[in-house]
Structures are given as C-alpha cells and as structure tokens.
Amino acid sequence: MRAASIALVFLVTMTFSGVAFAVAVDEKPLVDPAQEAVARALMKEIRCLVCQNQSIEDSNADLAKDLRRLVRERVSAGDTPAEVRAFLVARYGDWVLLEPPLNQMTLFLWGSPFLILLLVLVGVTTARKKSAPEPLSRMEKAKLKKLLKAGEQT
Amino acid sequence: MIPEIGHFALMVALVVSLLGAIVPHMAIARGDTRLMALAGQFAYGQFLLVTIAFGALTYAYVTSDFSVSNVAANSHTAKPLLYKLSGVWGNHEGSLMLWILILSLFSACVAYGGKNLPLRFRSRVLAVQSALLVGFLLFVLLTSNPFMRLDPAPLEGNGLNPLLQDPGLAFHPPMLYIGYVGLSVAFSFAVAALIEGEVTPLWARWVRPWTLAAWVFLTAGIALGSWWAYYELGWGGWWFWDPVENASFMPWLAATALLHSSIVVEKRDALKSWTILLAIVAFSFSLLGTFLVRSGVLTSVHAFAVDPERGIFILAFLAIIIGGSLALFAWRAPKLAPSGVFSLVSRESALVLNNILLATFAAVVLVGTLYPLVLEAVNGTQITVGPPFFEFAATVLMSPLIVALGFGPLLAWKRGNISRAAQILLPAVIVSLVFFWISIWHDAAGLIMTGVGIALGWWLIFAVVLEINKKTNFFGYPRGFWRRAKGLPRATWGMSLAHAGLGIILLAITVSEAWTEEALRLMKVGDSELVGGYSFTLEEVTPVAGPNYTAVRAHFLVEHDGHFITRLAPEDRVYSDPPMNTTEAGIYPLIRGDLYAVIGEYAGSNAWSVRLYFKPLISGLWLGASFMALGGLISLSDRRQRIGAPAGKKRPDSVPNIPKVPKSAKPTKSTKLTKSAKSTKPKKSTKLTKPVKSTKLKKPEKTGA
Amino acid sequence: MTSFMRFIPLLIVASIFIVFLLMMGGERNPKEIKSVLIGKPAPAFSLPALMEGAAPVTEANLKTGKPILVNFFASWCAPCRAEHENLMFLAHEKGISIIGIAYKDTPAKSQAFLAELGTPFASVAQDLEGRVGIDWGITGVPETFLVDGDGIIRYRHWGPIVGDSLEKRLLPQLEEIQ
C-alpha cells in the first residue's frame, strides 16, 4: 500500500513540468572526489539560463541538469575550469558566467569601488577645504597669543 | 458594491491629495496659519479614504469575490485565510495599494506626531507627502486599478504562487514597504528644508526618529526575505544579489548613512548639504526599486508582470520626483551654509568615513545592478554581474568600515584622541588577531579572507564590549553595573546593540560560507550519512496531502555521538494550481549551526536523492539582524529622539546651544563657528576608576547615537 | 559643495533615465539571452533522423546555397504547437526549407506530433540528449535559426513565431539575406 502511494506521488511529481523551485539533487557525482569538487565549484559559477536567478548548481531546471552533466563530463575528460567556462561562453556568451569577465568593457565595473571611493574622497576634501575657516593672519595670531596669555594669568 | 466604494474612495483621495499638495504652499505664501493647519486635516482625510479603499480590496479577497479581476487573477478559494489576506499585496496592483496605504499612514503620523514641528515647516512636509500620494494615486487609477470588474465572473481564481503561501513571505512585503515608504518622510523633510532654504540641527533632530523607524522596518524586512529564502528555497542560500534584492539593499545603505550623518548635523551643525542629498537619494532608491519590479527592464524573481505602458508611467513619475528634487537641491544647495569644523581625527570624521564608505558601497551596488542594462544599451552585449562582483565590492569597502566602527564611538567630538581610543581597544585587536590565526590554522587551505572576516567580526563585537565597559566600568568594578548601565541613555544601548549585531552577522556569514558541510547522496530507507559530525538516518518516506498540495515527506533522525538531537521532516511538494514543485527543508537550529535536510527526487530502486547540510553559525545572521532592529527600536524609544528640545543638564564642551522652539516660529539660523585655531582641549569624560558612591550616574558620556 | 558638484547627482540620474528609456521598448524581453552565434558558421553536428531509415542529419544539410531555417521543437512544448501554423506557411507557401530538430523527446512522441499537425520540415533530426541544442546555445524550445546559403547563422528567433513576429521579425531578416 505504501509503495503504491509513493509510486503515485512519484508519478504525480514527474508529470508536472512547471517551473521548479525544488532543490536540485543530483544523480551521478563523479567517481573521483577531487574532480567532483572541481565540477561542483564550476557549477556554482555558471548561471542558469532558465531560472535566471540561480546557478546551475542550485537550479532544478532541465537545462541546468543537462549543463551539470556536461560540466562533469568535461571535467572528467580533463578540461581545466577555464576551458569549461570557455566552452560555455562560446555557446551562450559571457552572460552565462556569474562573475563578469575582466575586459575592456567591464573595466569600469571592476574598478568602480576604487574609482567611486576616490571621487567621493576628493569631493569630501574639496568641500572641507572650502568650508574651512581662513587661517589666521600674523597680526591675528599675535593677538590670540596675547589673549591666551592674559587668560592663563587670571 | 464594496469594490465600487473602494474605487470611489480612491478617486476622492486623489482630489484630497491634490488639495493637500497645493494648498499649504499657497497658505505659506500668504502667511495664513489657519490654512497651513489644514494640511494636517488633508493628511487625515487621505489616510481615511485610502484605508477605505484598501479595506474594500481586502474584503473582496477575503470573500473571494472573483468578479473583481484582481482577485480572480491572484486568489483562490482553497487558500487559507492568512494567504488570502497576504495575497492582497502579492501582486502588482495590490502592492501599489499597500504602498499608498502606508504612504498616507505616514503622512497622518507626521500630521499627528509632528506637533513639535513649526507649523509652517510641517505644512510644507505634508504638502510634499501629498504630492507623492498624488503621483501614486494617478498611477493606480490610470494604469493599475485593482477594482476593475470581470464580467462574467469566473467561478474560481487563478490561485497564488504557492511559494508566496508562507508566513515569512506574508510579512516580508509589509515590513519592507514600511521601510521604503518611511523614507519618504525623510525625503519630504529634505525637500521642505530645501524650499525653506535652511537646515538646522533641529531639522536633523526631527528627521531622525522617522528615518530610524523606517530603517528598523527595512532591516527587518530584508532579514525576513533572506530568512524566507533560506528555509524555503532549499539550498541554504539567503542572498543572490538579484536586482530587486539590491534595490532593497541600496535604500538600506543610504538610510544607514543618513542616520549617521544626521547625527553630525544635529550635534555639530555640519554636513548639511550631504545629509539633505542622502535623504533624497535614500527615497529615490526606494522608488527605483518600485520601478525595477514593474517596468520589465530587468529580469528578477520578484518582477511583476511586464507592461510597457506602466513602465513608462513610473519612469515619468520617477523623473519628476527624483529629477525635481535633485534639481531643487542643485539650485538651493548654496543656501545651506556649511559650518562646523572638526579635525581629521574626531567622531565627526569617523562618521564622515562611515558615510563615505556606505555611500560608495551603495553607488557600487547601483553600478553593478545597472551595468548589464547599460552595457546592453550601449553595445548590445549581455553580461551577468553576479555575486562574485558584489562580494568583492563588499569586502573592499566594508572591511575598513568595520575597523573604523570600532574606533568611532570612542572618539570625542571635534577633536578625538586616536591613541587613547587605540589603548582602550587594544584587547579587541589582540583577540581578533588570535581568532584570525586560529581560523587560518583550522582551515588548512588557509583562506585568508575567512580569517579576515572572522577577525573583523570579533573585533567589532569586542570593540562594542570595551566601549560599554569604558562607560560603565564593568570589568573594573562589576558591582553596580546595572545601575550605571541604566543611567546610560537608551540611544547608546541602541547603538551598541546594533553595532554588535553587525559584528555577529559578519561572523555568521564568514563562518557559514567557509565551513558549511554538505552531502548529496542517494539514500535508501535505513541509510545513514555523517555530516558535520551529525549522523542523519533516513527512517522513512511517506506521502502527505496538504490543503492544496500533495507531497513526499522524509523522516530523518539526527544524532550526535549516539545522542538523539532531533527529527527532521523535509518535504517535496507538488501544488496543483498553478502547477509547481517546491521543497520545504527540514531545519533544526543549534547554537553551533543549523542541521538542514532536503528531499529531492525518487531515484528508483527505493533510493531518494537527498541533500544534507551542516551550516555552522548561520543563526547568527538572524540573531544579528534582530539585534540591529532591536537596537534601532531601543534608540527610537529614547525620549531625546522624539521631543523637539534636548532635556537634561547642559554639559561643558557640549553641542552648540539649541534653543527651545515655540510652535509657530521659524527654525533659527544656525550659529557659525568661527575661529578654531586653538580651541580648548575637550574635557575628558570622567574615568570611572573609583567606585561611584552616588546612585545616579554623574556624567554620562555624551554619545552620538 | 562646489558649484559644479551640486549638479552631479542630477546628471547621474538623468543618464540612468535615458538608459531606462532606451531599454524599455515593448519588443524587448528581459529574459531573452541573445545568441552569440550570429555571424558564425552553424555548429557541426550529426544527429539520427527521426524517420527510420533516413540518413543522419548533419550541418552539411544546411549548406544548400539558399537560406534555410533550423527549428528546435518538442511534442511536450505548447508554444511549438502554436507556431506550427506559421512554420507550415513558411515551408509550403514561402518555399523555405526548414530542418526540424526534435529536442529531448522520444521518437514516438515526435512522430505523433508531426503526424497530428503535419510536417513543415524537409528533414527532422532527433536531439535526444539535448547536446546539439546546447551547442546552438538554445535555452528552451521553440527557437528558430535562420542560416544563409553558406551555412552562416544570420538570425535567431527566440520563442514561438506567432502573432506579428512573423512579419515584423523573421520575414524582414529573410528578405535581407535573399
């Protein structure tokens, strides 16, 4: 009886091809744990093209499953992570990588923390200089000295 | 009938808002105080009418009135009542109704609670709020009317996304919206100040409680959203730097900066243009978020349905509000005379540094969020700016902030003594270095960043502890600590709690990201798996029928060294309407970390795909966030925050003299500090080295919180 | 604030607004990922034909000297049904050759699909694993590629060819090549 209900639920689960927010739980990890670790790390860097707010590691979309299998295949075939990434970029473009590439077009992006920080600092120091009171003239400095001396004596 | 009443109420609300946006300016031009006072009445009227409209919509949802097209599109008779209610705002039109409800609520609160504000200023603020309401009401009535009817009415609704049928997610939007919309008050204050042409320390004192309240809700709303993602989406992730998540983070950063810079305006009468700009920018970020979800320019899980007409309308609305206020700023900024001088090492400078780093971070998040769009517009190429970039930026910018955070509260106003502060903080430095080395040694791969993160987290926590100790001498003389502690202003406790919360969050993030253990396995009933030192045994898998779903539930027994810890029951659910497949993770929080189990697909021959995690210290995230929100609330409850004039004794070397303000007077011009060449040394706070006999704390150190 | 600095926020916001305005055409779907294969030769592939006994379908089939369409479809895909009419129109009335690739489907189901709706395809291949789809950079079905006479991919139509996308998008591209 229980087996039948499990089977029924299983069938029901399989029928629906709607958007899946279920967790991806995987079928066949690679035999070599080191290679599997490389593959898993790679999967975390690749954006799912269907559920576009997840990596292929997290997504349960069909395409994500296929891509995971592909990544595992290529890793076990000896590709380096860079080669696997290049393979996918050749087909889907830079979009498929969660980390934006560092090239001419993204220079401003990667430099923005430093650039903006620099600009803000420049702005702040400029504003400070403008609002700082004028330094005392020699006459004023002498007057101040006299006043302070007088104050200390009292 | 009821929806028509709601519809009509909206239209009348529009008329009242138009009046409320125009009349106060006319009244001020004519100097007519009675007309000015009407602004408050308009605010109450708007709130009443919008409440009626919102109530009508809610009624339609609760009674499953599918003749209202919005209800038919987004509700279902099989939904539990709570989710029928939360379904009201779980769609584009309804969420806009929530926006205007909260907006009019805040206007009414300003009208009611802003009695300490001068009448003229209050009228201006309410006029700006009304103008905002006009824009939103127009948007709703012209493009997104929730009260449209369907004829013939369908028998059943289209149901709501089952992901949204969740308590965490039922409360996440209202919290966030209170945060977003609360920033409109700061915005209105800023615009009113620009129109008036001056910003005084009093202005800062008035604006802070509203900003703080909005900030608390924004913090709670963001944390709730993250927590929901953590337990609902099933892989233990809680932040993806999704455009709409960023759109909630940017106003949070701006609001945090605003809170801190308004302290400087209040205490030192400096940083005025900057603070005004921040108030405008913070609310602009809120509006940007509203735009991004509804315009279809960016793809996001949060996005509502795309409609170009709506997108253009919101864009125009945003252009008027943001463009208008920034143009006003550019025009009037010269009138905000800068004043207040402070040395490079002082509490003001620490707060300026805080602002610089937070503002830069907000700007970088904006750049990262919009970069793909800009690049595509310019070039046609599509890239993704994902978590790696944002994490890089966060590390670069937030690390110096955390270091400075330790020093800031220990520096005096105007001219601080960094070596003294450093002496006090030396134990914290030592402790964090120790933790750094331990974490490097613990993780043989030597993840330096993990060590840095842990060191910074502990640094901040210990810095807060040491700062409290300085004020209450807990370590030197523990007896009487509570008495001395109670004497400290609540704002100090709020600040310390919030900062400590941040340190805890940092620790939790660093540790859980670095040392989560996970196992993806095919398990049969009876199998055991060891994760993070805990053994998970799959006891059985049962089918389950819920109110609107069927599911498979796994029963895990978790033990540690043979001792029973808990049972976990993760589910894999299948909803029928709309067809969707979700997971409910089985989570058990321990102090050490969370036990997290997920059941996936049936893999044949009695084996199930499962994912098991041990996530160390992840609860620190939620704990730290609650500390931050709680700290904000404690600060808010400090009476000094909420009344117009400072209470308590005057102290030497204290803030410039803030006079009590009679009701209808204009805010006085701030005094300029002129010569600063050889100011007298700031009086050091009394060192509580000897036991204090008196029951009252003598000279509590004035704080900036 | 210097006199210049006070205008900076306004300028920044104005530029962002212009970007938004540019990107808010009603035609643009933010989910669509543009094809990076435009202008490149069609990827090499060799797939078994759907019809038993027919020769395997390879990229050589694309180098006919005339423009040719490659349509990825599946029997389980509802939008594929919706666009079928337009595909028939293109094949029979416009005389364009279309190669169909059944993506991640069983032969029986694909055959039943074509038997039911008619076939616009000159030849049909089976991409059981979906690998060829990945090589072509598809993210779902249906997707249709316009390949010119020399085997270079010139245009990719994302989603079903329904409504006015036939006249507005596909046909103009076709004319350009011819």
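Values as computed for the structure displayed
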quantity	calculated
Sole exception among (1) over 24 Å from the mean Cα position of the chain (by Cα); (2) surrounded by fewer than 20 Cβ atoms within 10 Å (Cβ to Cβ); (3) not hydrophobic (A, V, I, L, M, F, W, C) for B:GLY113, by number	(1)
Qualifying residue in the stretch B:604-621 (condition: modelled with pLDDT of 90 or more and of a type in the set (S, T, N, Q))	yes
Residue satisfying condition, being farther than 30 Å from B:LEU288 by Cβ, in contact (Cβ under 8 Å) with a residue 60 or more places away in the chain and surrounded by fewer than 15 Cβ atoms within 10 Å (Cβ to Cβ), within set C:PRO56, C:PRO67, C:PRO48	C:PRO56
Helices (runs of 4 or more DSSP H) wholly inside the stretch A:46-154 containing at least 3 residues that are more than 30 Å from B:PHE361 (Cβ to Cβ), of a type in the set (Lys, Arg) and within 13 Å of chain B (Cβ to nearest Cβ)	A:62-76, A:138-153
From B:GLU513, B:GLU467, B:GLU517, residue being more than 24 Å from B:MET628 (Cα to Cα) and acidic (Asp, Glu)	B:GLU517
Hits in the stretch B:603-621 - residues which are out of contact with any helix residue (DSSP H, G or I) (no Cβ under 7 Å at 6 or more places or on another chain), of a type in the set (A, V, I, L, M) and either under 16 Å from B:GLY234 (Cα atoms) or outside any strand (DSSP E or B) (or both)	B:ALA603, B:VAL610, B:LEU612
Residue in the stretch B:577-593 that is of a type in the set (Asp, Glu), within 10 Å of another protein chain (Cβ to nearest Cβ) and farther than 13 Å from B:TYR231 by Cα present	no
Candidates B:GLY532, B:GLY501 - the one that is away from every other protein chain (no Cβ under 14 Å), under 20 Å from B:ALA229 (Cβ atoms) and crowded, with 17+ Cβ neighbours inside 10 Å	B:GLY501
Residue pairs meeting the criteria (Cβ under 8 Å; at least 6 apart or on separate chains; first without any contact (Cβ under 8 Å) to a residue 24 or more places away in the chain, in the stretch B:65-84; second buried (at least 18 other Cβ atoms within 10 Å of the Cβ) and part of a loop (DSSP other than H, G, I, E, B))	B:LYS84/B:SER75
For B:LEU287: the one exception among (1) within 13 Å of another protein chain (Cβ to nearest Cβ); (2) modelled with pLDDT of 90 or more; (3) over 30 Å from B:LYS335 (Cβ atoms)	(3)
Condition check for B:LYS115: more than 15 Å from B:LEU10 (Cβ to Cβ), part of a helix (DSSP H, G or I) and touching a Ser or Thr at 6+ places or on another chain (Cβ under 7 Å)	no
Residue count for the stretch B:185-223, restricted to those that are part of a helix (DSSP H, G or I) and more than 16 Å from B:ILE102 (Cβ to Cβ)	21
Failed item, numbered, when B:PHE304 is tested on (1) in a helix (DSSP H, G or I); (2) more than 7 Å from every other protein chain (Cβ to nearest Cβ); (3) out of contact with any Leu (no Cβ under 6 Å at 6 or more places or on another chain); (4) of a type outside the set (Gly, Ala, Ser)	(1)
Looking only at the stretch C:73-98, and only at residues there that are outside any helix (DSSP H, G or I) and of a type in the set (Gly, Ala, Ser), the one that is farthest from the other protein chains (Cβ to nearest Cβ)	C:GLY95
Criterion (among the polar types (S, T, N, Q) and touching a Pro at 6+ places or on another chain (Cβ under 8 Å)) met by exactly one of B:SER123, B:SER69, B:SER107	B:SER123
Candidate set from the stretch C:114-149 (those that are surrounded by fewer than 19 Cβ atoms within 10 Å (Cβ to Cβ), among the acidic types (Asp, Glu) and within 14 Å of chain A (Cβ to nearest Cβ)); member that is nearest to C:THR58 (Cα to Cα)	C:ASP135
Meets criteria (over 33 Å from the mean Cα position of the chain (by Cα), in a strand (DSSP E or B) and modelled with pLDDT under 90) for B:GLY600	yes
Filtered residues of the stretch C:99-145 (kept if part of a helix (DSSP H, G or I), of a type in the set (Lys, Arg) and within 17 Å of the chain's Cα centre (by Cα))	C:ARG131
Hey, B:PHE171 surrounded by 22 or more Cβ atoms within 10 Å (Cβ to Cβ) and outside the structural domain of B:ASN70 (by TED's automatic domain parsing) or not	no
Residues of the stretch A:100-154 satisfying the condition of being polar (S, T, N, Q), closer than 20 Å to B:LEU277 by Cβ and surrounded by 13 or more Cβ atoms within 10 Å (Cβ to Cβ)	A:SER112, A:THR126, A:SER131
Residue within the stretch B:228-238 that is surrounded by fewer than 24 Cβ atoms within 10 Å (Cβ to Cβ), within 14 Å of chain A (Cβ to nearest Cβ), among the small types (Gly, Ala, Ser) and out of contact with any Lys or Arg (no Cβ under 8 Å at 6 or more places or on another chain) present	yes
In the stretch B:562-592, the residues that are closer than 25 Å to B:LEU623 by Cα and out of contact with any Gly (no Cβ under 7 Å at 6 or more places or on another chain)	B:ILE565, B:THR566, B:ARG567, B:GLU584, B:GLY586, B:ILE587, B:TYR588, B:PRO589, B:LEU590, B:ILE591, B:ARG592
Residue list for the stretch B:547-565, filter: exposed (fewer than 14 other Cβ atoms within 10 Å of the Cβ) and part of a loop (DSSP other than H, G, I, E, B)	B:PRO547, B:ASP561, B:GLY562
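The values are calculated or read from the model by the stated rules, or taken from the named source; none is laboratory data. Being a predicted model, the structure only gives us computed values, none of them experimental. Heads up, the Cβs are rebuilt from the backbone with ideal geometry, glycines too, and the neighbour counts pull from every protein chain shown.
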